[in-house]
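The values are calculated or read from the model by the stated rules, or taken from the named source; none is laboratory data. A quick note: this is a predicted structure, and the numbers were derived from the prediction, not measured. Every residue, glycine among them, receives a Cβ derived from its backbone with ideal geometry; neighbour counts consider all protein chains shown.
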Amino acid sequence: MKLGRWSAGAALCAIALACHETTSPRSSSMIGENLVHLTVSSSAGEVVRGAPVTFHVTLTNEGSAPLTLHFTDSCQINPYIQDESGKTVLPYGGTWGCATVLTNLTLDPGAGIDRDYVWTGSTAFRSEMPLRPLPPGKYFFSAEVPANETTLRSTVAVILK
């Protein structure tokens, strides 16, 4: 009986951790001796369609040496918005158009870069009037850093009203 309860408890913990992992506002990776963090945050947990919400993204090198990330295209930090079903609604069509060119990004020790993305509840960032308004519901903003060394992805949820 105790084994059954332990198994059920372990399964619930595994499910909870798996769910948490997909919506984590922080992603980390060791690259050589450097710990790299990607974090995302939202200026609000709820937003009324047409009103702006700012998603803040930070990529930080917590290591003691400079770190250079290498990319196979011009997109180094990719923002996405998905609906509750997991469908990517921004960018429209699901993917960004990036130039096929080798790029790199160097982060000094203890330093990082910040990006802000303003969303108003449509299929575009920084639009004063929603171009293609999305229906109310739960959405997920994600930032992805698809470097050759590692891929970092962090996600935060927001409710669109």
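Filter region 44-65 down to the residues that are in a strand (DSSP E or B) and free of Cβ contacts under 8 Å to residues at least 60 places away in the same chain, then identify the one that is farthest from residue 138 (Cα to Cα).
Of everything passing the filter in region 44-65, 61 is farthest from residue 138 (Cα to Cα).
Go through (1) closer than 15 Å to residue 158 by Cβ; (2) touching a strand residue (DSSP E or B) at 6+ places or on another chain (Cβ under 9 Å) and name the single condition residue 50 misses.
In the conditions (1) closer than 15 Å to residue 158 by Cβ; (2) touching a strand residue (DSSP E or B) at 6+ places or on another chain (Cβ under 9 Å), residue 50 misses (2) alone.
Before we move on, is residue 160 out of contact with any Cys (no Cβ under 6 Å at 6 or more places or on another chain), more than 23 Å from residue 38 (Cα to Cα) and surrounded by 15 or more Cβ atoms within 10 Å (Cβ to Cβ)? Working first, answer last.
On the way: out of contact with any Cys (no Cβ under 6 Å at 6 or more places or on another chain): yes; more than 23 Å from residue 38 (Cα to Cα): yes; surrounded by 15 or more Cβ atoms within 10 Å (Cβ to Cβ): yes.
Answer is yes for this residue.
With the structure loaded, tell me whether residue 122 is more than 16 Å from residue 78 (Cα to Cα) and either among the small types (Gly, Ala, Ser) or modelled with pLDDT under 95 (or both) or whether it fails that test. Show your work before the answer.
Details: more than 16 Å from residue 78 (Cα to Cα): yes; either among the small types (Gly, Ala, Ser) or modelled with pLDDT under 95 (or both): yes.
Answer is yes for this residue.
Looking only at region 77-101, which residues are polar (S, T, N, Q) and exposed (fewer than 11 other Cβ atoms within 10 Å of the Cβ)?
85, 100
Hey, among the residues in region 125-141 that are free of Cβ contacts under 8 Å to residues at least 60 places away in the same chain and surrounded by 14 or more Cβ atoms within 10 Å (Cβ to Cβ), which one's nearest to residue 82 (Cα to Cα)? So that I can check it myself, show each step before the final result.
Here is the first cut: in region 125-141, the ones free of Cβ contacts under 8 Å to residues at least 60 places away in the same chain are 125-128, 131-132, 135, 137-139.
From what's left, surrounded by 14 or more Cβ atoms within 10 Å (Cβ to Cβ): 125, 127, 139.
Working: 125: 13, 127: 17, 139: 6 Å.
Checked region 125-141; the qualifying residue nearest to residue 82 (Cα to Cα) is 139.
Do we have residue 70 as under 15 Å from residue 147 (Cα atoms) and modelled with pLDDT of 95 or more here? Before you say what the answer is, go through the steps one by one.
Values: under 15 Å from residue 147 (Cα atoms): yes; modelled with pLDDT of 95 or more: yes.
Judged against the criteria, residue 70 is a match.
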